[in-house]
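Chemist: Take a look at this one; I'll ask things after.
The values are calculated or read from the model by the stated rules, or taken from the named source; none is laboratory data. Fair warning: this is a prediction, and the values are worked out from it, not measured in the lab. Cβ atoms come from the backbone with ideal geometry, glycine included; neighbour counts cover every protein chain shown.
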């Protein structure tokens with residue numbers, strides 16, 4: 001079962017895609033879309049996670065806009081207000097955690113590219129709410145000493161947006177903060193290798209491996225007994 005839902009963001013509203021598991025409840029995952037927006041691929045990804053038993057919510061930070069080209073994506077990203085995005089994601093997290101279909105008090109984050117950067121930041125600003133982070137070809141600066149999450153990263157071998165140096169730097173900061181970390185780099189791949197609606201970049205073998213690893217990781221870190229969030 002999946003549907004678009006409205007949720008409050010301060011005095012305004014935003015929308016997101018809520019996908020529920022057939023069993024009625026499951027661990028929560030907040031899905032953070034790539035710079036394309038909340039497109040069909042992202043919604044299908046939510047549906048697939050729901051099929052695996054998770055309660056999934058994907059907030060739309062573009063407010064209904066979807067990019068169909070790199071140029072459009074760059075433009076939409078340039079129009080984002082960092083404070084508004086942070087408020088939207090924080091409110092979306094609260095909306096997800098308020099769902100009766102949520103089986104655990106702490107949730108996971110699943111971010112793609114732009115969404116991965118936001119997921120990494122959110123894991124620091126809302127540490128007691130976040131137990132696990134899956135990041136696809138996205139990095140972020142900053143410190144992670146406040147985080148209480150485990151991290152799984154999927155990266156491309158050839159990526160003009162995320163250098164090997166940036167990936168290594170992120171891994172070093174996470175490990176330095178004492179966080180559990182698993183990073184994978186997929187040979188012969190480029191940015192967007194996980195997204196099957198990007199035919200020039202999609203790599204089915206790498207995508208399938210990354211998907212299986214992500215589901216196992218989320219099950220491991222979200223189904224174990226965890227303390228209630230403060």
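Chemist: Which of (1) in a strand (DSSP E or B); (2) exposed (fewer than 14 other Cβ atoms within 10 Å of the Cβ); (3) within 18 Å of the chain's Cα centre (by Cα) does residue 155 not meet, given it meets every other one?
Modeler: Answer for residue 155: the failing condition is (2).
Chemist: A further question on this structure: So is residue 109 assigned to a helix (DSSP H, G or I), surrounded by 23 or more Cβ atoms within 10 Å (Cβ to Cβ), at pLDDT 95 or above and touching a strand residue (DSSP E or B) at 6+ places or on another chain (Cβ under 6 Å) or not? Can you show your working first?
Modeler: Details: assigned to a helix (DSSP H, G or I): no; surrounded by 23 or more Cβ atoms within 10 Å (Cβ to Cβ): yes; at pLDDT 95 or above: yes; touching a strand residue (DSSP E or B) at 6+ places or on another chain (Cβ under 6 Å): yes.
Answer is no for this residue.
Chemist: A further question follows. Pick from 87, 94, 14, 67: which is surrounded by 15 or more Cβ atoms within 10 Å (Cβ to Cβ) and in a helix (DSSP H, G or I)? Please lay out each step first, then the result.
Modeler: Details: 94 fails: surrounded by 15 or more Cβ atoms within 10 Å (Cβ to Cβ); 14 fails: in a helix (DSSP H, G or I); 67 fails: in a helix (DSSP H, G or I).
Testing whether each residue is surrounded by 15 or more Cβ atoms within 10 Å (Cβ to Cβ) and in a helix (DSSP H, G or I) leaves just 87.
Chemist: Have a look at 167, 205, 215 and point out the one that is surrounded by 19 or more Cβ atoms within 10 Å (Cβ to Cβ) and part of a helix (DSSP H, G or I). Steps first, answer last, please.
Modeler: Values: 205 fails: surrounded by 19 or more Cβ atoms within 10 Å (Cβ to Cβ); 215 fails: surrounded by 19 or more Cβ atoms within 10 Å (Cβ to Cβ).
Just one listed residue meets the conditions, 167.
Chemist: Restrict the check to the stretch 143-151 and report whether at least one residue is within 25 Å of residue 37 (Cα to Cα) and in contact (Cβ under 8 Å) with a residue 12 or more places away in the chain.
Modeler: Filtering the stretch 143-151 for residues within 25 Å of residue 37 (Cα to Cα) gives 151.
Keeping just the survivors that are in contact (Cβ under 8 Å) with a residue 12 or more places away in the chain gives 151.
Checked the stretch 143-151: at least one residue is within 25 Å of residue 37 (Cα to Cα) and in contact (Cβ under 8 Å) with a residue 12 or more places away in the chain.
Chemist: Mind checking whether some residue in the stretch 44-59 is modelled with pLDDT of 95 or more, buried (at least 18 other Cβ atoms within 10 Å of the Cβ), in contact with a strand residue (DSSP E or B) (Cβ under 9 Å, 6 or more places away or on another chain) and over 20 Å from residue 211 (Cα atoms)?
Modeler: Yes - at least one qualifying residue is present in the stretch 44-59.
Chemist: So, one more: Select from the stretch 31-43 the residues that are under 22 Å from residue 98 (Cβ atoms) and without any contact (Cβ under 8 Å) to a residue 60 or more places away in the chain and write down the one among them that is surrounded by the most Cβ atoms within 10 Å (Cβ to Cβ). Write out each step before concluding.
Modeler: Quick first cut of the stretch 31-43, residues under 22 Å from residue 98 (Cβ atoms) only: 31-33, 38, 42-43.
With without any contact (Cβ under 8 Å) to a residue 60 or more places away in the chain added as a condition, the list becomes 38, 43.
Values: 38: 25, 43: 18.
Checking each candidate, the answer is 38.
Chemist: Please work out which one of (1) free of Cβ contacts under 8 Å to residues at least 40 places away in the same chain; (2) touching a helix residue (DSSP H, G or I) at 6+ places or on another chain (Cβ under 6 Å); (3) within 24 Å of residue 156 (Cβ to Cβ) is the condition residue 109 fails and give its number.
Modeler: Here residue 109 meets the rest and fails (1).
Chemist: Quick one: which of 168, 210, 201 is under 23 Å from residue 67 (Cα atoms) and modelled with pLDDT of 95 or more?
Modeler: Working: 168 fails: under 23 Å from residue 67 (Cα atoms); 210 fails: under 23 Å from residue 67 (Cα atoms).
Of 168, 210, 201, the one residue that is under 23 Å from residue 67 (Cα atoms) and modelled with pLDDT of 95 or more is 201.
Chemist: Hey, could you check the stretch 118-145 for residues that are outside any loop (DSSP other than H, G, I, E, B) and surrounded by fewer than 22 Cβ atoms within 10 Å (Cβ to Cβ) and say which is farthest from the chain's Cα centre (by Cα)? Can you show your working first?
Modeler: Pass one, the stretch 118-145, residues outside any loop (DSSP other than H, G, I, E, B): 118-125, 127-136.
Imposing the further condition that a residue be surrounded by fewer than 22 Cβ atoms within 10 Å (Cβ to Cβ) reduces the set to 121, 124-125, 127-128.
Working: 121: 11, 124: 14, 125: 15, 127: 15, 128: 17 Å.
Applying the filter and picking the extreme gives 128.
Chemist: Let me ask something additional. Just give me the residues in the stretch 21-30 being crowded, with 20+ Cβ neighbours inside 10 Å and part of a loop (DSSP other than H, G, I, E, B), in sequence order. Don't jump to the end; show me each part of the working.
Modeler: Keep residues of the stretch 21-30 that are crowded, with 20+ Cβ neighbours inside 10 Å, which gives 26-30.
27 - this is the single residue of the stretch 21-30 that is crowded, with 20+ Cβ neighbours inside 10 Å and part of a loop (DSSP other than H, G, I, E, B).
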